[in-house]
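For reference, the structure is listed below as structure tokens.
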Amino acid sequence: MKDNIVFSQQLENIQLEYLTGDFAKCWRSWGSTIINPYYNKFYYIMNGECYMKIDDHEYIARKGQLFLLPCNSTQTYHHISDNTISKYWIHFTAMCNNKDLMEQITLPHFIDVEDPDYVTDLFKSIITNNRLSLHEILRRKAYILQLLAYYTEHSSVARETVFKDTKLSVILTYIEENLSRDITVNELCSISHLHPNYFIRYFREKTGYPPIEFINNLRISRAKKMLQTQNDPVQVIAYLVGFDSSNYFSRLFKKKTGFSPSEYRYIAKSRPDSYDFD
């Protein structure tokens, strides 16, 4: 899902809450049968193996695998031998537009971790930040978001199948593929087979934005990348991301970022190690 600006736009609205977490060497009797937690879980298996069933999918979880058990899924897990597991684990919620993000998107139930030290350090940082000071709370949320970002980055999920709402997936895929040209609400109504009066309400409920604002936010996101990586004039970039007027593009860009496009490009190129600085 690299460079999926639609997915990134959805994450703009995320409200993440850490519930609990720890490192555990599990007893032979560890396990649960047919439970439906309201929260999400990350299990990072450090040693051993266990049986895990998430909805209708069955797995043997082993060392080096990072499992995501989404909220409200039906879960069963237990040991299958004396080779018991040790694991880092956290529980969290990730609300986005009045619904948990994990109920809106489809991700694999596990990935094979390619950077064990990085993932281990994230878990350690999450579970050891137990103070109630504001900066520690914010820092822990940032670590969980980094873990979620790592998981999605290493998930082999096609853009078209990320969102569980197939109608929304069709709409968002269409927007991203046609972002460089004019996109009208009537056009989106046509491809989604929804009446205009209902479509705007439906779209805002699903994404948190009216259609045109959502589209313009995506265009600004794409323009930011282009300003950092390309040398085209601002007027050309405005046109390439779908704006007919470079003046309107510049006004909107400054409203969204606090910088004019030229200022943004200058600062970005003077800080090449920083992906973004908003």
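Comparing G48, L69, F214 along the charge dipole axis of the chain, the residue lying farthest to the positive side is F214, per the Cβ-charge model.
As a proxy for reagent exposure, F123, F199 were ordered by neighbouring Cβ count within 10 angstrom, fewest first; the result is F199, F123. Ranking of W30, W89 by neighbouring Cβ atoms within 10 Å, starting from the fewest: W30, W89. Using a/c under 1.5 as the rounded threshold, could you call the stretch 36-155 rounded, prolate or oblate? The axes a ≥ b ≥ c are square roots of the C-alpha gyration tensor eigenvalues, and prolate needs a/b larger than b/c, oblate otherwise. It comes out oblate by the Cα gyration axes. Taking each DSSP H run with n ≥ 4 as -39500 (n - 2.57) and averaging over every residue of the chain yields -13500 deg cm²/dmol at 222 nm.
For the stretch 44-89, a simple Cβ point-charge model (Lys and Arg +1, Asp and Glu -1, everything else neutral) yields a dipole of about 200 debye relative to the Cα centre. Angle of helix 246-257 to the longest C-alpha principal axis of the chain, folded into 0 to 90 degrees and rounded to 10: 30°. Among the aspartates and glutamates, select those whose C-alpha is under 19 Å from the C-alpha of K141, and discard any that sit fewer than 8 residues away in the same chain. Those aspartates and glutamates meeting the cut-off are E12, E17, D22, D100, D121, E153, D276, D278. With contacts taken as Cα pairs under 8 Å at a separation of at least 6 residues, the chain carries a relative contact order of 16 percent. Taking the charge dipole of the chain about its Cα centre, with +1 at Lys and Arg Cβ atoms and -1 at Asp and Glu Cβ atoms, the residue from H154, T84, F23 reaching farthest to the positive side is F23.
Residues of the stretch 83-108 with an amide N closer than 17 Å to a point placed 7 Å from the Cα of H57 along the Cα-to-Cβ direction: 101-108. Dipole check for the stretch 166-270: with +1 at the C-beta of Lys and Arg, -1 at the C-beta of Asp and Glu, and the Cα centre as origin, the magnitude is about 380 Debye. Ranking A268, Y248, V234 by how far each Cα lies toward the positive end of the dipole of the stretch 166-270 (charges on Cβ) leaves A268 at the top. Whole-percent P(r), the chain, all Cα pairs, 5 Å bins from 0: 1, 5, 11, 13, 15, 14, 13, 10, 7, 5, 3, 1, 0, 0. I want the local charge near R62. Using Cβ-Cβ distances under 10 Å, sum +1 for each Lys or Arg and -1 for each Asp or Glu among the other residues. Neighbourhood net charge equals -1. When R201, R139, R265 are sorted by how many other C-beta atoms sit within 10 angstrom of their C-beta, beginning with the fewest, the order is R201, R139, R265. Bridging of K269 to lysines at a Cα separation below 25 Å is possible for K2, K224, K225, K254, K255, K256, once same-chain residues fewer than 8 apart are set aside.
Specify the inter-centroid distance of the stretch 30-49 and the stretch 53-74, based on alpha-carbon positions, in whole Å. Answer, in whole Å: 7.
Every number in this text was worked out from the coordinates using simple rules, so none of it is lab data. Quick caveat: nothing in here was measured; it's all calculated off a predicted structure. Don't worry about glycine lacking a Cβ; one is built from the backbone with ideal geometry, like all the others, and counts go over all protein chains shown.
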